[in-house]
Amino acid sequence: MEFKREKVDNADVFLENIEKGESYVYSFLKETEDGMYSTELTNYARHNLYVGTAGILHMYVELYQVLKKEKYRSVIDKMTLFLEKHVFDGIETAQKEGEFVPGMSQAFYSGIGGIGLVLNEVYRLTGDVHAKNGALKVMDYYKNTLTKAEEGIYWTGNSPVFFDSGIILFLIDTYYTNAAISGNIQDQTECVELIRKGTDYILSHAIEHEGGAIEIDHLHVSFKHREPNFEFGTAGAGYLFTMVYELTGDEKYLDAAKGTVNYLKSIAVRQKKGYLIPYKLGKYDNLFYLGNCHGPVGTAKLFYELYKVTGKEEYLSEVKALADGAHSMKAPFAQSAGFWNTTCICCGPAGYVPFYIGLYKATGDEMWLKLLHGVGEVLVGSRTEDHWNIAFDRTKTDVITAPAGYFTGTAGIVTALLQIYAIERALSGFTGLIDDPYTR
């Protein structure tokens, strides 16, 4: 089934949708003496990057950078103030009430790492001391709660980007943020040591296969094994290895990234054009999620970053092959078993926006801009009043919700539309986060 699509002849239509979506997200914000936060959730996840306050703050940062409205700057200041004071609320709630998987409140997308990441972003933009202090609280937490082992160090003991690989991405982002602002890239030795040792621990648990292929599947979560794509699998770990090579120049991390490439290519399933990586090996070998977190958009981040770092066209060709695989399944314009009735950044068409921007930047081929515009038409066509209704759970496609958060709802879709609008109106200012090689 095709996604509903509305023809857009003027980029101002995207702006109208951006403004409507922002008003919906804003309706969940509450101002207190401590600042401003999202009231949508009350559990341990309420302030994180994935669904909570930090993800919405990221949306406002991007809105302000592109559209320059003082309202957005005011919201940024208030949300930053709040997050500095409440950065550990999720951990405290998890200790009292529990959490879906132990360690999620301490982790990256679902926990304090993502909060620190967005506070770094604000600090780079405004120099806000509250952003700096909040990010340093996160940094200090990771310094003080790490576990030392013979192989290195770890936090949750789970290797994927969702967990410890993502924590290390936050550390890398902190390194670059502090170096850029202080102008002293040498005064970061402790941070680099944490990055190296954390990455070494993940590497020590690599599963070696024939042909120099390495698989990363080290988790203490029984139901999440053999998911090879970005958020929980080998592709995300390979992306981390590439970033650590870029930072340190140590060839062992580049070799590790190449090993993950060999593994992913060894399990690739050919399509009419290109290929795809299964969602879950041994259980869903013929099910292909087609979005960001478990699909080609996310997996291609590894290849795209390797292309940026090495300049080798072979890696860009793999990015194109994954795009071709998605197009063979008619994504991002038609639904399938792995691409259902959700339009969000995580699982739906909105996730393709930075992907297509990255391919356009790398190739100069205007085909990617046409596809980008088409995604915008899907997002416009699927809007309901001032928000987007989605079925977030693939196994319960009749359960429709209207989340406000970044990865799962309207905030992320607004940000995607903003990217399209900025491209079509030749506006500057948009910057991606560290897990986005396409627009970073």
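The values are calculated or read from the model by the stated rules, or taken from the named source; none is laboratory data. None of these values were measured; they are calculated from a predicted model. Quick reminder, even Gly has a Cβ in these numbers, built from the backbone with ideal geometry, and neighbours come from all protein chains shown. The accessibility values were calculated without ligands, DNA or RNA, using every heavy atom of the protein model including side chains. Shrake-Rupley method; radii C 1.70, N 1.55, O 1.52, S 1.80 Å.
Which of the residues spanning segment 7-40 are more than 24 Å from Leu379 (Cα to Cα) and touching a residue at least 12 places away in the same chain (Cβ under 8 Å)? Residues satisfying the conditions are Glu31, Thr32, Asp34, Gly35, Met36, Tyr37.
Annotation note: Cβ proximity below 7 Å between a residue of segment 68-84 that is more than 11 Å from Leu29 (Cβ to Cβ) and a residue that is part of a loop (DSSP other than H, G, I, E, B) and not aliphatic (A, V, I, L, M) (sequence gap 6+ or interchain) occurs for Asp77/Asp128; Thr80/Asp128; Leu81/Asp34; Leu83/His47. Of the listed requirements (1) open to solvent by 50 Å² or more (accessible area, probe 1.4 Å); (2) free of Cβ contacts under 8 Å to residues at least 60 places away in the same chain; (3) in contact with a helix residue (DSSP H, G or I) (Cβ under 9 Å, 6 or more places away or on another chain); (4) not small (Gly, Ala, Ser), Glu97 misses just one: (3).
Arg440 passes every criterion in (1) in a loop (DSSP other than H, G, I, E, B); (2) modelled with pLDDT of 95 or more; (3) open to solvent by 20 Å² or more (accessible area, probe 1.4 Å); (4) charged (D, E, K, R) apart from (2). Only one entry of Gly376, Gly409, Gly311, Gly364 meets the criterion of being out of contact with any Lys or Arg (no Cβ under 9 Å at 6 or more places or on another chain), closer than 22 Å to Leu41 by Cβ and not acidic (Asp, Glu), and that entry is Gly409.
Mind listing whichever residues of segment 388-405 are closer than 19 Å to Tyr279 by Cβ and in a loop (DSSP other than H, G, I, E, B)?
Of everything in segment 388-405, those that are closer than 19 Å to Tyr279 by Cβ and in a loop (DSSP other than H, G, I, E, B) turn out to be Ala391, Phe392, Asp393, Arg394, Thr395, Lys396, Thr397.
Among the conditions (1) part of a helix (DSSP H, G or I); (2) free of Cβ contacts under 8 Å to residues at least 12 places away in the same chain, Thr415 misses just one, which is (2).
For beta carbons closer than 7 Å, sequence separation of 6+ or different chains, a first residue in segment 244-266 that is part of a helix (DSSP H, G or I) and a second that is open to solvent by less than 70 Å² (accessible area, probe 1.4 Å) and charged (D, E, K, R), the qualifying pairs are Tyr263/Glu215.
The combined condition, being closer than 26 Å to Gly409 by Cα, out of contact with any strand residue (DSSP E or B) (no Cβ under 6 Å at 6 or more places or on another chain) and free of Cβ contacts under 8 Å to residues at least 24 places away in the same chain, is not fulfilled by Phe230. Among residues that are hydroxyl-bearing (Ser, Thr, Tyr) and open to solvent by 10 Å² or more (accessible area, probe 1.4 Å), Tyr239 is not included.
Among the residues of segment 407-427, just one is open to solvent by 30 Å² or more (accessible area, probe 1.4 Å) and within 21 Å of the chain's Cα centre (by Cα), namely Ile423. The residue pairs whose first member lies in segment 274-297 and is in contact (Cβ under 8 Å) with a residue 40 or more places away in the chain and of a type in the set (Lys, Arg), whose second member is open to solvent by 10 Å² or more (accessible area, probe 1.4 Å) and assigned to a loop (DSSP other than H, G, I, E, B), and whose beta carbons are closer than 6 Å, counting only pairs six or more residues apart or on different chains, are Lys280/Arg226.
Total residues in segment 277-292 satisfying the condition of being among the small types (Gly, Ala, Ser) and open to solvent by less than 20 Å² (accessible area, probe 1.4 Å): the figure is 1.
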